[in-house]
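Step one of this worksheet: look at the structure below.
The values are calculated or read from the model by the stated rules, or taken from the named source; none is laboratory data. Since the model is a prediction, treat every value here as computed from it, not as a measurement. Ideal geometry is used to build each Cβ from the backbone, glycine not excepted, and the neighbour counts take in all protein chains shown.
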Amino acid sequence: MPEPQTVNSGPNPGAQEKFYVRFTREQRYMHAVLFTTFLGLAATGLPMRFSESFWARKFATGVGGFGSILFLHKFFAVVLTIAFLIHLKDIFQRAIINREKGIFWGPTSMVANWKDVKDIVGHMRWFLGLGPKPKFDRYAYWEKFDYWAVFWGMIVIGFSGYAMWFAPFFAHFLPGWALNAVLVIHSEEALLAVLFIFSIHFVNTHLRPDSFPMDMVIFTGVESDHEFEEKRTLEYQRNQAQGTLEKKVGIAPPLWLLNFSKVVGFTAIFIGLTLLVLTLTAYFS
Amino acid sequence: MNEAVRKNAILIIRSLALATGLAVLALAPRTLRAQDCLTCHGDSSMTDSNGHSIFVDGKHFGDSIHGSLQCANCHADIKGYPHPDKVAPVDCKTCHADQATQLGGSVHADSKEHPCTSCHGNAHEIFPKTDARSAVYPLNVPKTCGQCHSNNGMAGKHGLASVYPNYIDSIHGFALSKEGLLVAANCQSCHGSHHILSHTDPASPTYKSNIPQTCGNCHAKINDEYQAGVHGQAIAKGDLKAPVCSDCHTAHAILQPTESAFRMQSTPICGNCHKDKFSTYRDTFHSQLGSLGGYVETARCWDCHGAHDVRPTSDPASPVNPANLIATCGRCHAGANASFVKYQPHANARDRKLNPGLYFVRLFMNLLLASVLTFFLLHTILWLIRSRYQQVKTKGDNGGKHA
């Protein structure tokens, strides 16, 4: 492994900057599995959703024909389901077994609170120049929304998908019309997920000027002192006040990891944007 | 006169008479035999004054169906040798009057464009249609008709489609050309031979309402099924909007029905008339996956409704009669049960009265999609503008790399 390097950026070029851990290795892997399977599911699902469009049949042929596209879709679905179950197990372990505090409430929780409502309003006021920029904690409201959108989407899309896959079994306890509804639910919710991730998540998290061209923290797990203070001011200040900031110090991301992350990240963004364009052309034609 | 002299005299007289008779016989005009004509026409280099070959292969002619005839039987104006330079064209109807009459009433009536030889081949080498050398032997018929009914063929001049390539790649064409199946339909099996009529002529075997019977000549059981179904009954009543065999299977490019290309092309054909059913079918997973290619396992119209004897849902014999649904759906969906078959393969999520549950689910999903995307699109656009503005304001012209 190469020597840990420091990256010169921010207001003090040349200064040795500290890096703080934001995501664990497991969380980064989880994100990698999530976006890989999501891209796979989108790439194999969209041709089915827009099967009358000019590119769908070509694409289906490209991945090995009409038979394999459904197989691949189910394959990615199973992998993602396993990842989701592992995530649920993690939450259960952290909350119930390890009795970790602050998972379901407090400033470091993913659960929405009153401050998020105030932040939405405050942020919008700042957009329009009507007030100061709100200071965010560990997870900003749009990050919480991303998380819960995926969480809800996973349940909704997953359930409706399995209901179609094993329709005769689900028919034992679902009314007849629900078998019609699951396709509508599956495809509309998936369309929402695709449109949301490939436009709003990409821009909010990666492409907006503050993070452009990509927020590396989900790949490297660490962010610079300057970025931490700028983006998650309240968490930074609270750790400073409690003297726990030093506990969070990690190693600066090595160059290979930065380069590797860029290749992977840009590939994902490129695939996503391509699918977004194809989806929009099919939707509006 | 003694007895011996008398006998010699009789002998001499008889000999003279015989000689005279032979001489008379040899010099008098008589019917020409084929061998006589072949003395000249058997020379393969022989041409007429225009340079056209007038060679006749004596061996082939002798083998042909007309081999026992003499040349002058057909070339009736030739009485002897030498014969005039210009001889009258042979008129086949002298003998084949029935066929000539039939041809006269057909689309091929014009004898200049369609002389008998255009189908039967070289006039001196005509074989019975059961002989593999015949141009109208079943295995040779498509090629013979294809001389005109093909790309750049004579038929094109009359605005007719090139059908030979379609036929030869069809299930009938393959059976005939690849397997040599003599019973496989060739052109004349459907169109007839001498009395070919336009498909717009109600007497034609290819007139719409006659097609089931024409195909039924071979596909008898399918025709029986068809006649029992709603489409067959409509045709029998004279409703020509109903489909016949060729509407789904096409006329010439008939494919094996299990082939993906056939499964791909046929669903929209049903949809030509059953527009609302086709539209709701296209909303389903059956259609979505099916449209991606010839995915054989997804249900197309006929997989549920039956192909030839399509019956009303109320008919107990219909596969989509409520009593038969578990069996019908169960053909693909192992474990299909009473609740499973309540699935509606033609549900309309836009119809509130017909499918209220589905209607509101779709409405909810659409509202969710629209509201989330609208809010966040607006949010993101404003955010982009504002943070860029902030960057430029605090960092100078280009705003710097990071905020």
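Odds and ends about this structure:
- Among residues of segment A:204-231, those that are away from chain B (no Cβ under 12 Å), aliphatic (A, V, I, L, M) and part of a helix (DSSP H, G or I), counted: 2
- Candidates are the residues of segment B:195-206 that are touching a residue at least 40 places away in the same chain (Cβ under 8 Å) and surrounded by 14 or more Cβ atoms within 10 Å (Cβ to Cβ); the one that is farthest from residue B:159 (Cα to Cα) is B:195.
- Matching helices (runs of 4 or more DSSP H) fully within segment B:207-270 where at least 2 residues are under 16 Å from residue B:307 (Cβ atoms), touching a residue at least 24 places away in the same chain (Cβ under 8 Å) and over 15 Å from the mean Cα position of the chain (by Cα): B:220-228, B:230-236
- In the set (1) more than 9 Å from chain A (Cβ to nearest Cβ); (2) free of Cβ contacts under 8 Å to residues at least 60 places away in the same chain, residue B:346 fails one condition alone, (2).
- Subset of segment B:300-328 (residues that are surrounded by 17 or more Cβ atoms within 10 Å (Cβ to Cβ), assigned to a helix (DSSP H, G or I), in contact with a helix residue (DSSP H, G or I) (Cβ under 7 Å, 6 or more places away or on another chain) and free of Cβ contacts under 8 Å to residues at least 24 places away in the same chain): B:325
- Pick from segment B:118-160, criterion small (Gly, Ala, Ser) and touching a residue at least 12 places away in the same chain (Cβ under 8 Å), ranking: farthest from residue B:199 (Cα to Cα): B:123
- Considering segment A:239-265, and only residues there that are assigned to a helix (DSSP H, G or I) and in contact with a Ser or Thr (Cβ under 8 Å, 6 or more places away or on another chain), the residue that is surrounded by the fewest Cβ atoms within 10 Å (Cβ to Cβ) turns out to be A:258.
- Per-region count, segment B:63-78, residues surrounded by 13 or more Cβ atoms within 10 Å (Cβ to Cβ) and in a loop (DSSP other than H, G, I, E, B): 9
- With respect to the stated conditions, residue B:221 is among the charged types (D, E, K, R) and farther than 28 Å from residue B:99 by Cβ.
- Residue A:101 being at pLDDT 95 or above, surrounded by fewer than 17 Cβ atoms within 10 Å (Cβ to Cβ) and within 25 Å of the chain's Cα centre (by Cα): no
- Condition met for residue A:109 (of a type in the set (Gly, Ala, Ser) and within 14 Å of chain B (Cβ to nearest Cβ)): no
Yes or no, residue by residue, for (1) at the interface with chain A (Cβ under 8 Å from one of its Cβ atoms); (2) under 42 Å from the mean Cα position of the chain (by Cα):
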{"residue": "B:312", "(1), (2)": "no, yes"}
{"residue": "B:352", "(1), (2)": "no, no"}
{"residue": "B:355", "(1), (2)": "yes, no"}
{"residue": "B:361", "(1), (2)": "yes, no"}
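- Every residue from segment A:18-34 that is farther than 20 Å from residue A:83 by Cβ and β-branched (Val, Ile, Thr): A:21
- The combined condition, being assigned to a helix (DSSP H, G or I), more than 9 Å from every other protein chain (Cβ to nearest Cβ) and of a type in the set (Gly, Ala, Ser), is not fulfilled by residue A:187.
- Here B:176, B:181 are screened, and the one residue that is part of a loop (DSSP other than H, G, I, E, B) and either more than 22 Å from residue B:117 (Cβ to Cβ) or in contact with a His (Cβ under 7 Å, 6 or more places away or on another chain) (or both) is B:181.
- Pick from segment A:170-182, criterion in a helix (DSSP H, G or I) and surrounded by fewer than 22 Cβ atoms within 10 Å (Cβ to Cβ), ranking: nearest to the other protein chains (Cβ to nearest Cβ): A:176
- Boolean, residue B:44 is among the hydroxyl-bearing types (Ser, Thr, Tyr), surrounded by 15 or more Cβ atoms within 10 Å (Cβ to Cβ) and at pLDDT 75 or above: no
- For segment A:39-75, the tally of residues that are more than 14 Å from chain B (Cβ to nearest Cβ) and either touching a Lys or Arg at 6+ places or on another chain (Cβ under 8 Å) or surrounded by 22 or more Cβ atoms within 10 Å (Cβ to Cβ) (or both) stands at 2.
- Odd one out for residue A:234 among (1) in a helix (DSSP H, G or I); (2) of a type in the set (A, V, I, L, M, F, W, C); (3) farther than 14 Å from residue A:108 by Cβ: (3)
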